[in-house]
């Protein structure tokens, strides 16, 4: 209900909206409306009130709360349940816990800071407060475990498309899921899964984006390979608008990819963002190291590498370095 009242206040930002109008619109008492207004004020919203005119939103806190996001979200099921934390160990850890308890498909866990953010291969992900987007999405796709890596491909496409729409930058994707600006990593995606032999119980897609992080906020060993969107564009980005756009785009590609014709067109879009295709690469896959040229990304998201002797090998997952990115030469 708080999200609905906040949405009504945002839609009438230039004028007052009466308690009676809010009451009739939402089907609750005026006393209940007043209690929700008080709760929003406690959350940091500056709301003017007048006994004759009603309520008017003056300003909003710069947080990624469920109310703030849902007031602008237009999805069918992504983000209909949002669990927000000011500070949390890892959004993926919490998402896996609530997924095991049976939370609904599309549930989002989001935080303004992580103290133990998780990257791929057990690495840490630095997540300073109020500068980035640290969120995880619980999905329950009707797929077999072998198809799970494709969800990561779709997440990367959704993030790249959203960054372009919100900031007008031109991001690239290093296969399968690193989002790159100016040859430096601004976003990592970590997908974790609970599954049986022929059935996925749930997939958690963790998305970490350095949005407004300053160079000094990165650990010294990352300052040459990582960046934030703000560092590349030269201006701060509205984190909430980016979160909303990512959830809307991710839902669109996630549901659309079930149709093979739509999937083909989505993969064409993914390939346009690819920094891997046509590049010299080195892949570590199932304990073997493969060097060659990335010649194809299939409609199922697999990477095909052609070695110097003309042999083509298909990579389903693994660690891939691209010449010219992150210092690989």
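So the values come out like this:
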{"read-out": "Leading residue by the ranking (surrounded by the fewest Cβ atoms within 10 Å (Cβ to Cβ)) among those in the stretch 169-183 that are part of a strand (DSSP E or B) and in contact (Cβ under 8 Å) with a residue 60 or more places away in the chain", "value": "172"}
{"read-out": "Number of positions in the stretch 147-167 that are over 21 Å from residue 268 (Cβ atoms) and either crowded, with 23+ Cβ neighbours inside 10 Å or free of Cβ contacts under 8 Å to residues at least 40 places away in the same chain (or both)", "value": "0"}
{"read-out": "Condition broken by residue 102, with the remaining ones in (1) under 30 Å from residue 196 (Cβ atoms); (2) free of Cβ contacts under 8 Å to residues at least 60 places away in the same chain; (3) in contact with a strand residue (DSSP E or B) (Cβ under 9 Å, 6 or more places away or on another chain) satisfied", "value": "(3)"}
{"read-out": "Residue count for the stretch 222-259, restricted to those that are out of contact with any helix residue (DSSP H, G or I) (no Cβ under 7 Å at 6 or more places or on another chain), surrounded by fewer than 19 Cβ atoms within 10 Å (Cβ to Cβ), in contact (Cβ under 8 Å) with a residue 24 or more places away in the chain and outside any helix (DSSP H, G or I)", "value": "3"}
{"read-out": "Filter result for the condition that a residue is within 26 Å of residue 200 (Cβ to Cβ), in contact with a helix residue (DSSP H, G or I) (Cβ under 9 Å, 6 or more places away or on another chain), surrounded by fewer than 19 Cβ atoms within 10 Å (Cβ to Cβ) and modelled with pLDDT of 90 or more, over 81, 104", "value": "81"}
{"read-out": "Condition met for residue 116 (farther than 17 Å from residue 204 by Cα, surrounded by fewer than 22 Cβ atoms within 10 Å (Cβ to Cβ), at pLDDT below 90 and in the same structural domain as residue 191 (by TED's automatic domain parsing))", "value": "no"}
{"read-out": "Tally, over the stretch 13-37, of residues that are out of contact with any helix residue (DSSP H, G or I) (no Cβ under 9 Å at 6 or more places or on another chain) and under 21 Å from residue 69 (Cβ atoms)", "value": "1"}
{"read-out": "Qualifying residue in the stretch 195-215 (condition: within 25 Å of residue 113 (Cα to Cα) and assigned to a helix (DSSP H, G or I))", "value": "yes"}
{"read-out": "Out of 166, 186, 138, sole residue that is more than 21 Å from residue 296 (Cα to Cα) and part of a helix (DSSP H, G or I)", "value": "166"}
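Condition check ((1) at pLDDT below 95; (2) more than 28 Å from residue 144 (Cβ to Cβ)) across all residues:
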residue	(1), (2)
280	no, yes
287	yes, no
293	no, yes
305	no, no
317	yes, no
321	yes, yes
325	yes, yes
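The values are calculated or read from the model by the stated rules, or taken from the named source; none is laboratory data. What you see is a predicted model, and the numbers here were worked out from it, not measured in a lab. For neighbour counting, all protein chains shown are included, and Cβ atoms are generated from backbone atoms with ideal geometry for every residue, glycine included.
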